[in-house]
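A short write-up of the structure that comes next.
Read-outs: derived from the displayed coordinates by stated rules, not from any lab. Model, not experiment: these values are computed from the prediction. Using ideal geometry, Cβ is built from the backbone for each residue, glycine included, and neighbour counts are taken over all protein chains shown.
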Amino acid sequence: MKKLFVMLVPLLFLTGCSSSSTWGWYVINPMTASGWTNVKFLISGMGDTIVISLIAAVISIALGLVVALPGLAKHRGWRLLNRIYVEFVRSIPLLPMLFWVFYGLPIIFREMGLDIPIDPFWGAVITLALSDSAFTAEIFRAGIQSIARGQTEAAQTIGLNYLQTMRYVILPQAIRRILPPLANQFIYIVKMSAFASVIGMQELTRRANELVVTEYRPLEIYSLLILEYLVLVLVISAGVRWLERRLGSDERN
């Protein structure tokens, strides 16, 4: 991926200098005033994309853990509640869920006598967090179940209750194992945040769409958009690998 990024940058620059009427890379050529203005306009949406993704990821992890614990219970009823939530949420496509949250949830609030408007920012955050929480719950469940039962029994012999066992014994070990799939889910959230553009959120994709309407150069503008997501994902991946080494998740170290 690193080699691909290194190749794309000079490629876009060279084609931007072309005089062919077929191409219009000048619209994102940072060497010109108008091109640099367009580039800054596109890049300025990255902040909203990152903030939406981070908040949604934090909520998703917390909600996923809460949903995962009943799936580990001995009582069948608790496990059934876990399965109903997971299967229901992950079967709903993200776009219909986004429309339901943004347009439908305020109506439900009004019927309950509550005046709680949902703006595009929180509509995107709630949707991404809910959609991802089902997958995160399954990651937590699998990670916790991968810890040997003897760890739980040993914790019980020294007087730890269920919550203490989870907090001090099971979860610290499970986190090391589930960090890579959790990182994949965060990358998934970053990419799916593009759907927030359909409800007016000024993130990367929305700004690219607006620029296409004014410049009429979809190939060039969407190419830069793809490059922005590529750079963002590469940075996240590098950060996750660093965190894996710090936590000891990387077995090579």
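State the three equivalent ellipsoid semi-axes of segment 187-253, derived from the C-alpha gyration tensor as the square roots of 5 times its eigenvalues, in descending order and whole Å.
Numbers: eigenvalues 217, 33, 8 Å².
So the equivalent ellipsoid measures 33, 13, 6 Å along its semi-axes.
For Lys191, project a label point 7 Å along Cα to C-beta. Then give me every residue of segment 202-227 with its amide nitrogen under 16 Å of that point.
Only 205, 225-227 fall inside the zone, counting backbone N under 16 Å.
Could you tell me which label, among (i) 160; (ii) 139; (iii) 113, carries the value of volume of the Cα convex hull per residue in Å³ calculated for this structure?
(i)
Running a GNM on the chain with Cα contacts under 10 Å, which residue among Leu130, Leu179, Leu105 ends up with the highest mean-square fluctuation?
Between Leu130, Leu179, Leu105, it is Leu105 that shows the largest mean-square fluctuation.
As a check on your grasp of the helix formula, calculate [θ] at 222 nm for the chain: sum -39500 (n - 2.57) over DSSP H runs of n ≥ 4, divide by the residue count, round to the nearest 500.
The per-residue figure over the chain is -23500 deg cm²/dmol.
Just grab the label-to-label distance for Glu215 and Arg245, each label 7 Å out from Cα along the Cβ direction, in nm (one decimal).
For Glu215 paired with Arg245, the spin-label model returns 3.7 nm.
In percent, what relative contact order does segment 47-203 have, based on Cα pairs under 8 Å that are 6 or more apart in sequence? Don't skip to the end; give the middle numbers.
Numbers: 160 pairs, mean separation 55.2, N = 157.
Computed over segment 47-203, the figure is 35 percent.
For the residues Thr37, Thr205, what sequence is obtained by ranking on other C-beta atoms within 10 Å, fewest first?
Values: Thr37 12, Thr205 23.
Ascending number of Cβ neighbours within 10 Å: Thr37, Thr205.
Gaussian network model of the chain, Cα springs within a sub-10 Å range: biggest mean-square fluctuation belongs to which of Ser133, Ser237, Ser60?
Judging by the Gaussian network model, the answer is Ser237.
Choose one answer from Ile147, Ile61, Ile187: the residue with the largest mean-square fluctuation in a GNM of the chain with alpha-carbon springs under 10 Å.
Ile147
In nm, give the distance between the simple-model label positions of Ala62 and Val198, each being 7 Å from the Cα along the Cα-to-Cβ direction.
It works out to 2.8 nm between the two label points.
Give me Glu87, Glu228 ranked fewest to most by other Cβ atoms within 10 Å of their Cβ, as a rough exposure proxy. Each step should come with its number before you reach the end.
Working: Glu87 10, Glu228 20.
Listed from fewest to most nearby Cβ atoms, that is Glu87, Glu228.
Quick one: if you stick a label point 7 Å off each Cα along the C-beta vector at Arg167 and Ile236, how many nm between them?
Result: 3.0 nm between the two label points.
Length gain on complete extension for the stretch Phe41 to Phe99, per 0.36 nm per residue less the alpha carbon to alpha carbon distance? Write down the numbers at each step before the final one.
Values: separation 58, 0.36 × 58 = 20.88 nm, distance 2.64 nm.
Extra length available between Phe41 and Phe99 comes to 18.2 nm.
Starting from 0.36 nm per residue, how many nanometres of slack lie between Ala154 and Ala33 once their C-alpha separation is accounted for? Mind dumping the intermediate values first?
Details: separation 121, 0.36 × 121 = 43.56 nm, distance 6.70 nm.
Length difference between fully extended and current span is 36.9 nm.
If you place +1 on the Cβ of every Lys and Arg and -1 on the Cβ of every Asp and Glu, how big does the dipole about the Cα centre of segment 122-253 come out, in debye to the nearest 20?
Values: 13 positive and 11 negative charges, 89 e Å.
Value, rounded to 20: 420 debye.
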